[in-house]
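Since the structure comes first, as structure tokens, the remarks are kept for the end.
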Amino acid sequence: MRALASLPRKRILVVDDEPDLLEFLHLRLDLAGYDPFRARSGEECLDCIANIRPDALIIDLNMPGMGGYGVLRTMQEDRLLATIPTMVLTGRNQADDVKQALALGAVTYLAKPFEDKLFLSRVRQLVKRRGATSAVKAVVYV
């Protein structure tokens, strides 16, 4: 039996244009035992996905250039990308935003500001869903 320390860490790509939040999330995920990666735009996100093949994606909706909705649309159109469980983590907190993000394939939606325990709980749910089909029901807490 392999020791827990030797198990590969789950790769999580975090996409946000706010440097301080991106740094915080990167550090928090690292301390929680994940292998975090960062991107600051939708375009950079798609490049990172191709290079690192993350186990989960955490993305903001509002970014310059291609925002979160654009990334979700691109992922939805590609069968391989559509299997990456995605959490939308955003300051947008309207019912229409939640509905649109889930319709575009997000598994869960969390509004900023958020509680640390809830955030980490959602991340655990995401990495467990890796490879799940679109038939998986979304979990939404705003």
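Here, each number is a calculation from the coordinates, and none is a lab measurement. All figures in this text were calculated on a predicted structure; none of them were measured in a lab. All Cβ positions, even for glycine, are placed from backbone atoms using ideal geometry, and neighbour counts span all protein chains on display.
General observations
- Each of R9 and L80 was given a label point 7 Å from its Cα along the Cα-to-Cβ line. The distance between the two points is 2.5 nm.
- Simple rule: put +1 on each Lys or Arg Cβ and -1 on each Asp or Glu Cβ in the range 3-71, find the dipole, and look at V14, P54, G70; the Cα lying farthest toward the positive end is P54.
- With the convex hull of its Cα atoms as the shape, the range 8-140 has an orientation-averaged projected area of 7.1 nm².
- Fewest-first sequence of E23, E44 by Cβ atoms within 10 Å of each Cβ: E23, E44
- Amide H partners (placed H, <5 Å) of D35, local residues excluded: K10, R11, I12
- Sites Q125 and R53 - FRET efficiency at Förster radius 22 Å, r taken between beta-carbons, to 0.05: 0.65
- Our helix-only sum for the chain, with -39,500 (n - 2.57) per DSSP H run of n ≥ 4 divided by its residues, gives a mean residue ellipticity at 222 nm of -11500 deg cm²/dmol.
- Taking the centroid of alpha carbons for each part, the range 68-109 and the range 27-65 are 14 Å apart.
- Ranked packing of 118-126, 101-109, most packed first, by mean Cβ within 10 Å: 101-109, 118-126
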